Amino acid sequence: MALVSIFPTAEAAAAAVAERVLAKVSAEPDAVLGLATGQTPRKVYARMVEACGKGEVSFSSATTFNLDEYCGLPAAHPDSYAAYMQRELFHRTDFSPANINLIDGSAADEKSEASRYAALLRKQPVDIQLLGLGVNGHIGFNEPGSALASTVRVVELSEETLHANLPTLLVLDKVPERAITMGISDILRAREIIVLATGSAKADAVRRCLEEEQTADCPGSYLSGHPNVQWFVDQAAASKLRNGPRA
Ligand code: GLP
């Protein structure tokens with residue numbers, strides 16, 4: 001059973017997620033963090049930056065693994081997820097570059113890049129995995145149709161995702177059509193999973209993940225098979241749940 005916490009605002013939901021991550025790193029400074037990109041976690045990262053700046057926490061012994069990356073973009077490209085992470089978090093905190101694991105979207109051999117990342121993940125299981133949710137229910141870039149047993153691999157992005165991610169681009173005028181992503185089975189190996197979903201655009205996906213049977217049509221629904229998953233949603237994202245939003 002997933003634990004679902006509903007907050008009055010997106011800000012409050014993000015603040016609660018940030019406090020959970022900060023508590024984890026304070027208790028276990030060498031924690032392995034699984035990190036997500038997108039608009040939703042930006043406020044979580046802003047709070048982590050603030051806490052580090054004030055000396056409330058140090059990330060210097062923590063390790064990170066990002067979920068996914070667009071194919072064809074070098075880390076320095078402003079639209080790469082690597083650049084996003086540097087901007088939002090890594091450059092503004094004391095994470096040690098040696099402990100930051102990112103997928104190289106510009107690797108000439110994408111399959112061997114996926115294998116390299118999978119091997120690293122096997123060696124260092126994620127303690128706490130932060131996830132966002134796609135409007136189509138994707139987690140990472142595991143699009144509808146992804147298998148429960150999927151691992152790190154090259155994927156084709158769905159039309160829905162190409163459309164949904166368009167406004168997030170800084171430089172490109174078209175979303176890359178392929179990506180490398182952790183698989184569903186990699187995500188489910190994390191000891192603890194935190195999903196942050198906010199805004200009415202996510203309401204359908206949240207309802208499907210929490211109230212429908214597990215199905216490849218909505219990859220986030222696989223999360224209900226994990227023993228330690230907590231959902232942090234705002235009222236808008238909770239608005240289609242059977243019991244409705246409750247603060
Ligand atoms: C992207 C990422 C996901 C992210 C999702 C939602 O496609 N691959 O990891 O969770 O979009 O993004 P946003 O938070 O911008 O809605």
Extension gain from A201 to T9, taking 0.36 nm per residue of separation minus the Cα-Cα distance: 67.7 nm
Cleavage-rule hits (trypsin sites (Lys or Arg not before Pro)) in region 1-60: DSSP loop, at most 16 neighbouring Cβ within 10 angstrom: K54
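Just need the relative contact order of region 69-207 here, percent rounded to a whole number, with Cα pairs under 8 Å and 6+ apart.
Details: 211 pairs, mean separation 42.2, N = 139.
Relative CO of region 69-207 lands at 30 percent.
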GNM flexibility winner over the chain from N136, N66, N228 (Cα, springs under 10 Å): N228
Added length on full extension, which subtracts the Cα-Cα distance from 0.36 nm per residue, D217 to E56: 53.8 nm
Percent RCO, i.e. relative contact order, over region 174-247, from Cα pairs under 8 Å lying at least 6 residues apart: 36 percent
Three principal axis lengths of the chain [C-alpha, angstrom, descending]: 47, 42, 34
Within the chain, longest stretch free of exposed GluC sites (Glu not before Pro) [DSSP loop, at most 16 other beta carbons within 10 Å]: 57-176
C-alpha center-to-center spacing [region 151-191, region 222-240] in angstrom: 20 Å
The chain: relative contact order in percent, alpha carbon pairs under 8 Å with at least 6 residues between: 26 percent
Helix runs (DSSP H) in the chain reaching 15 Å along axis by Cα, Kyte-Doolittle at least -1.0: 10-27, 42-53, 110-123
Descending principal axes extents, region 162-247, alpha-carbon based, whole Å: 40, 29, 21
Gain upon complete extension [A149, S224; 0.36 nm per residue less C-alpha separation]: 25.5 nm
Hypothetical label at R116: residues of region 167-197 whose amide nitrogen lies under 17 Å (7 Å Cα-Cβ projection): 179-182
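Just so you know, all these numbers are worked out from the coordinates, no wet-lab data involved. Here the structure is a predicted model, which means the values were calculated and not measured. Every residue, glycine as well, gets a Cβ built from its backbone with ideal geometry; the counts of neighbours run over all protein chains shown.
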